[in-house]
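**Student:** Okay, here's the structure, questions in a sec.
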Amino acid sequence: MLPDLAASSSGLPGLELAQLTELGLQFLFAMLRIGAFVLSAPLFAARFVSLPVRIIISVCIAVWILQHVPMPSASDLASLQSVTWVLRELGIGLAAGLVLQIYFAAAVMAGDRIANTAGLGLAAQVDPATGSQTPVIGQFFMLFLLAIFVAVDGHLVAIRLVLQSYSLLPPGSSDVALGFVDDGLGATGEMFIAAVRLMMPVVAVLLLLNIVIGVITRSSPQLNIFAFGFPLTMTVTLLLLFLTTATLGDALLDHMAHALQHLGDMLDGRVNGGE
């Protein structure tokens, strides 16, 4: 007689198809916020980080999220109301990543202004992080900021802030108003202020140097400005960048800490009233 297959297999652990479908929907829903953040945040969104690596990072973090954060049921995720939930999750992740990108753009802007003042505006190459043409000094500032960001575990702090947002902004809830536009505008203002602070020591000296060169060429028209002015400007620029490297590192560290603080306030402020 053949053994009772139903009885023998009843003791084996397993998941029914309905449970597996519900778990898959909840897992994909848990990936939305952290996946949008990974695709838009500094370092993770760089071109030298391939798309499969970003997907693997999102999947690994989503496994932890699914175990610790309650998700809506499969029936709720299959309703039309889930469309607003999906857009909300994507908006939170994209807003968090783009705010950090805006802050990091201050380093590129400061380097770009220094390069244009020193006459190095045409000395541009492909930026490995963005894939666009950027002056060399701007790339130096950006890579310096990324190195500091990784050295002090800023990327882990940013991920932790996004994970904390799951308890502050629970998935599937729409009772909290999102006002990330004001936070983005505030970050943009801070970007310009930080860029001015980063570039002002070098630009101020270069401005005085250009004034001196202009006075010299005005008093002695027979001198060729390109014969001594351009090499002198290049030498002074490189010397200033060398002398201000330590100060620049401290300034970039403070700027990165301010960016992470703004990110934490942005996510926490929506729960506290969005003030």
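**Student:** Would you confirm whether or not the stretch 97-104 contains a residue that is farther than 18 Å from Gln261 by Cα and at pLDDT 85 or above?
**Tutor:** Scanning the stretch 97-104, I find no residue that is farther than 18 Å from Gln261 by Cα and at pLDDT 85 or above, so the answer is no.
**Student:** Could you list, in sequence order, the residues of the stretch 35-59 that are farther than 16 Å from Ala158 by Cβ and not in a loop (DSSP other than H, G, I, E, B)?
**Tutor:** Result: Leu51, Pro52, Val53, Ile55, Ile56, Val59.
**Student:** Something else now. Given (1) crowded, with 17+ Cβ neighbours inside 10 Å; (2) modelled with pLDDT under 90; (3) of a type in the set (Val, Ile, Thr), where does Thr84 come up short, assuming only one miss?
**Tutor:** Looking at each condition in turn, Thr84 falls short on (1).
**Student:** Please work out which one of (1) in a helix (DSSP H, G or I); (2) among the β-branched types (Val, Ile, Thr); (3) at pLDDT below 90; (4) within 29 Å of Ala46 (Cα to Cα) is the condition Ile193 fails and give its number.
**Tutor:** Condition not satisfied by Ile193: (3).
**Student:** Working only within the stretch 60-72, note down all residues that are in a helix (DSSP H, G or I) and surrounded by 20 or more Cβ atoms within 10 Å (Cβ to Cβ).
**Tutor:** Listed by number, the residues that qualify are Ile61, Ala62, Ile65.
The values are calculated or read from the model by the stated rules, or taken from the named source; none is laboratory data. Predicted, not measured: the structure shown is a model, and the values here were computed from it. Here the Cβ is made from the backbone with ideal geometry for all residues, glycine too, and neighbour counts use every protein chain on show.
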